Every structure is written in C-alpha cells, then in structure tokens.
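**Student:** This is the structure I have questions about; it appears just below.
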Amino acid sequence: MSNFEYAFPSIRGVQAGKEYYVSMCPLRLIPRIFLFDDDELSPEFRAQRILNRSRIPEITRYILGNKTNYIFSAITASINGAVRFTPADQKNSDERLGILHVDMKNQFILNDGQHRRAAIEQAIKEDPGLGDETIAVVFFVDQGLERSQQMFADLNRYAIRPSKSLGLLYDQRSDATKVGKLVALKSEAFKGLVELERNTLSERSRKLFTLSALCSATSDFLGMRDFSTPEAAAAEAIIYWDELAKHIPEWQLVKKSKMTAGEIRRDFVHSHGVLLQAFGRVGASLRAEKKVAYASLEHLKKINWSRSNVRDWEGRVMIGGRLTKASNSVILATAFIKRNLGIELSPEEIKTESALTKPRTKKNG
C-alpha cells in the first residue's frame, strides 16, 4: 500500500466464503473514482454492458425532479487490488464495523450501476448541492475479468422489472397515472374489470383491460389540458367512460357475470387495448367539438365488433385474425369509429385511412 489511500467507513460481510464491504459514498465522489469499461472494447473483454447513453437524461431528470424523495439502490464495484480492513475495535478481529483502506493506485470498476453513475455525474453538474448526499456501495475485491463478468451475469440473472401496470399502480408522482387509477377504481365502466398488476391478460382472467392500457387511453382522452386536481380530471374522464360503456352491451354482460371476460376478448375487438385507446381519442374529439353530452355514442351499437367481421377489422386492427398493437392500428380504429359516429377525421387519420384503402381499391378494380 502507498501513503495515499481512500478510507471508507464500512461494514464487513462474507458471501461464498469471500469478504465484501458495504459503505456510503458522497455522490460527488461517484464519478471521480468509479470507472466503467471502454465502450470500444469488444464484449468478451468488458465486465458489463455498453453504456446506453439514451437512458442517462431520463435518470438525471428523475433525480433533479424529485430532490426531496428520489431513491437509488446500492451500486456494486470491484476493486482491482489489495485492500486492508481495520476493525473499529482492534482488539476484536471479527469486528464487522471498521474502515476499508484502498490504495489510490487501485481502480474501482462498476459491476452494476453504471447508468446511475453517469446520471449522478450529470445531475451534480446541474445542481452541485447534490454532491453532499450519499449512495450505498457494495465493494468486492477483484479476482480478474472472468470473475467480474460472472458477477455481472449473476447480479442481473434474476433481475425482473415489475410490469408496467404494477409500476403505474404504485407510482405516486404522475398525475396522469393517478387519474388512470381513479378511473379504474371508481368508474362504473371499469370497476372490477381492470387488471392492476399484470401487463397481459390470460384466457382465464376475469378482467377486460390492464391498468396500463386504461391509463394510456384516459391520457389520450384528456389530452394536454390542465386540471386543478387529478380528482377533477378523473371525474371528467369517468363521465365519458361510463357513457361509452352503456353502448357496448358485452361489457355489461361481463359485469353481470352473464359472459366471461375471456369469451369477450376472444370474440370481440372492442375489449383490447388498441380499441380502448381509440375510444379515448374519439372522446377527445367529441370534447374538442363541445359535444360533451356524448349523444353520438349511441351509434356505437351499430358497429359490428366481432372479430369474425374481417371486412371491417382485418388490416385495420387485425393481421391474419390476430390483434395488432401497431400505432397505425390505433389511428385506423379511431378513424373507423369516428366515421360511424359522424365525427370529422384529422389529417393524420385521413392519410392513414387512405393508405389502407388504396390497395383494396386496386385489387377490386
């Protein structure tokens, strides 16, 4: 060891028969001492994935936008040289509390947390005051490239991101998300019919829609309008969704337990996310035209929503009989519903609809 070293107050632990150390580091220290591999190295010579720079602004905004309640899990680093641990009670060699001494010539290579490191560096540039805050760091003593690569694989082996719906359910920051949750829980249209945790619905699920689909559709309905509170926005959305649901008999049958949700999703297109989003956009057009009584929604009953109705739905929201989630499908479904309700189409909808009908015209001619 040289005369120059880092000293980290730490807790010593043991995993797989090897010592590791847990400490707290000031955020300003993170970009100075923690390194990640050169992006230009080929994968077999790196200890982790290439830095995805497109993720950094989003994480940086998260820090700066939530200075009083952001949260980060610990980052994990390997030290590529010898270390020395001095117990707080030097008479007790088994003491877990102490000081981890690391020669400044050693390198700290991140095994997990390189995107947090880069975002922290950017956030501190914009707000230097964040530098005094801390993040937990887990230190391992490096045992070579193979061990570092294995550590990366093991750390990410069982990392499973929560579903989008579950993330929305627990998200307390976004007003749009709060509105969607209020609609799911309080509207007559959706109460009991929204899957709050999963992104997909199984054939046996008793739910018609996922929370993520409902949040997206409700956001499309409300657009960019400013509301005094999420409750006020939800109240307006609930009026629309409850009125719309009155004109889709199959949704009512599910609520009355006269048909199962699985049967409805199997046989009809109106119970899939792409149509729900289209309904949201149709509602936004009605609101824009000041038709907030939503009287024209009664024409929804005239539409044949059956998946066997290939004349209307194939190529629009289905390909080979299977529902598609393509963005164009939302536009085409919106245009189709608006035409049946007598609502003027937007330029984008006219253009997309024209692209759909041109091949059919040539084929028939």
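Every read-out reported here was derived from the displayed coordinates using simple, explicitly stated rules and does not represent laboratory data. Keep in mind that this is a model prediction, so the values were computed, not measured. With ideal geometry, Cβ positions are generated from the backbone for all residues, glycine too; neighbour counts draw on all protein chains shown.
**Student:** Give the long-range amide H neighbours of Asn111: residues separated by 5 or more places, or on another chain, with amide H under 5 Å away, using H modelled in the peptide plane at 1.01 Å from N.
**Tutor:** Thr76, Ala77, Ser78
**Student:** Once the Cβ-Cβ distance between Gln150 and Asp103 is put in as r, and R0 is 25 Å, what FRET efficiency do you end up with, to the nearest 0.05? Mind dumping the intermediate values first?
**Tutor:** Values: r = 25 Å, r/R0 = 0.99.
That gives a FRET efficiency of 0.50.
**Student:** Could I ask something else about it? Stick to the Cα atoms of the range 218-262, pair each with every other, and give me the Kirkwood hydrodynamic radius in Å at one decimal.
**Tutor:** 12.1
**Student:** Let me ask something else. Step through the residues of the range 106-116 one at a time and calculate ³J(HN,Hα) from phi using the Karplus curve (6.51 cos²θ - 1.76 cosθ + 1.60, θ = phi - 60°), rounding each to whole Hz and writing x for Gly and Pro.
**Tutor:** Values per residue, Gly and Pro as x: 6, 10, 9, 10, 6, 8, 7, x, 5, 6, 5 Hz.
**Student:** Sticking with this structure for a sec: Give me a comma-separated list of calculated 3J(HN,Hα) values for the range 69-81, in order, Karplus coefficients 6.51, -1.76, 1.60 applied at θ = phi - 60°, integers in Hz, x for any Gly or Pro.
**Tutor:** 8, 6, 8, 10, 7, 5, 9, 10, 9, 9, 9, 8, x
**Student:** Additional query: If you wrap a convex hull around the alpha carbons of the range 164-364, what volume per residue comes out, as a whole number of Å³? Numbers along the way, then the final one.
**Tutor:** Values: hull volume 23.7 nm³, N = 201.
So the per-residue hull volume is 118 Å³.
**Student:** Provide the per-residue ³J(HN,Hα) series for the range 240-255, in order, calculated from phi with Karplus coefficients 6.51, -1.76, 1.60 and θ = phi - 60°, each as a whole number of Hz, with x at glycine and proline positions.
**Tutor:** Karplus-based 3J(HN,Hα) across the range 240-255 equals 5, 5, 5, 5, 4, 4, 5, 9, 10, x, 5, 5, 5, 5, 5, 4 Hz.
**Student:** Give the Debye-formula value of log10 I(q)/I(0) at each listed q (0.09, 0.15 Å⁻¹), with one equal scatterer per alpha carbon of the chain, two decimals each.
**Tutor:** Per q value, in the given order, log10 I(q)/I(0) is -0.71, -1.19.
**Student:** For the range 245-365, take N as its residue count and report Rg(C-alpha) divided by 2.2 N^0.38 Å.
**Tutor:** Working: Rg = 14.7 Å, N = 121, 2.2 N^0.38 = 13.6 Å.
Relative to the 2.2 N^0.38 Å estimate, the range 245-365 comes out at 1.08.
**Student:** Whose amide H sits under 5 Å from the amide H of Phe268, counting only residues 5 or more places off or on another chain, with H placed in the peptide plane?
**Tutor:** Arg307
**Student:** Sticking with this structure for a sec: How much length is gained if the chain between Arg96 and Thr68 is pulled fully straight, taking 0.36 nm per residue apart and subtracting their Cα-Cα distance, in nm to one decimal? Please list the in-between numbers first.
**Tutor:** Numbers: separation 28, 0.36 × 28 = 10.08 nm, distance 3.16 nm.
Taking Arg96 through Thr68 to full extension adds about 6.9 nm, to one decimal.
**Student:** Net charge around Asp171, counting only other residues with Cβ within less than 11 Å of its Cβ (Lys, Arg = +1; Asp, Glu = -1)? Provide the component values of the computation, followed by the final result.
**Tutor:** Working: positive: Lys164, Arg173, Lys178, Lys181; negative: Asp175.
Taking every other residue near Asp171 into account, the sum is +3.
**Student:** What angle do you read, to the nearest 10 degrees and between 0 and 90, between the alpha-carbon axis of helix 56-65 and the longest principal axis of the chain?
**Tutor:** That helix lies at roughly 90 degrees to the long axis.
**Student:** Report, ordered by chain and residue number, the lysines lying within cross-link reach of Lys301, taken as a straight Cα distance under 23 Å and ignoring same-chain residues fewer than 8 apart.
**Tutor:** Hits, sequence-local ones excluded: Lys191, Lys207, Lys246, Lys255, Lys256, Lys258, Lys290, Lys291, Lys338.
**Student:** Moving on to the next point. Out of all DSSP beta bridges in the chain, what portion is antiparallel? Express it as a percent rounded to 5.
**Tutor:** Details: 32 of 42 bridges.
Rounded to the nearest five, the antiparallel share is 75 percent.
**Student:** Would you mind computing the Rg to Rh ratio of the range 188-266 from its alpha-carbon coordinates, Kirkwood style for Rh? Could you put the intermediate results ahead of the total?
**Tutor:** Details: Rg = 13.5 Å, Rh = 13.5 Å.
Result for the range 188-266 is an Rg/Rh of 1.00.
**Student:** Run the numbers for Glu19 and Asp267: contour at 0.36 nm per residue of separation, minus the present Cα-Cα distance, in nm.
**Tutor:** On the way: separation 248, 0.36 × 248 = 89.28 nm, distance 5.91 nm.
Roughly 83.4 nm would be gained on extension.
**Student:** If you line up the long axis of helix 145-157 against the longest principal axis of the chain, both from Cα atoms, how many degrees apart are they, to the nearest 10?
**Tutor:** That helix lies at roughly 40 degrees to the long axis.
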